[in-house]
Amino acid sequence: MDGTGLIRIVEGAVYYILGLVALALEVWAFFDCVRHRANAFEAVGKRTKTFWLAVTGGSMAVGALSVLGGGGGGLIGPFGLFGLAAVVAASIYLADVRPAVKDAGRGGSRNRGPYGPW
């Protein structure tokens, strides 16, 4: 085996591992969205639960295609256009929507003063 073949094997393994990590993130976002009540999304001023289920479900489907397809580039791979869009969509849900909806489910933050959180 020459050096080029070894580099391709390592590159393929790295793409596969990154695809699995992205898929895990997207699955986490989808199932977290499933477990929250629909009225909590509107209570905190976010888009509807149906919207976020569609976004996170779509990103999970793209992530699954990325891992099962095994492609490193193109449109579907973890570094492809749709793969990056899927990771960004799941990350937006986890970083912005999830904390707000989670906080709404507890009845608001306990660290709240008369003029806002502290």
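The values are calculated or read from the model by the stated rules, or taken from the named source; none is laboratory data. Predicted model only: the values in this text are computed from it and were never measured. Here Cβ is always computed from backbone atoms with ideal geometry, including for glycine, and neighbour counts include all displayed protein chains. Remember, those area values only see protein heavy atoms, side chains included, never the ligands or the DNA or RNA. Shrake-Rupley method; radii C 1.70, N 1.55, O 1.52, S 1.80 Å.
Tabulated values for the structure
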item	result
Among (1) open to solvent by 50 Å² or more (accessible area, probe 1.4 Å); (2) within 19 Å of the chain's Cα centre (by Cα); (3) modelled with pLDDT under 90; (4) under 29 Å from R8 (Cα atoms) - the single one K102 does not satisfy	(4)
Residue check, R8 under 17 Å from the mean Cα position of the chain (by Cα) and not β-branched (V, I, T)	no
Among (1) under 25 Å from G80 (Cβ atoms); (2) open to solvent by 60 Å² or more (accessible area, probe 1.4 Å); (3) among the small types (G, A, S); (4) at pLDDT below 90, the one test that A54 misses	(4)
Counted residues, the range 16-51 - those being in a helix (DSSP H, G or I), in contact (Cβ under 8 Å) with a residue 24 or more places away in the chain, open to solvent by 60 Å² or more (accessible area, probe 1.4 Å) and farther than 17 Å from V88 by Cα	2
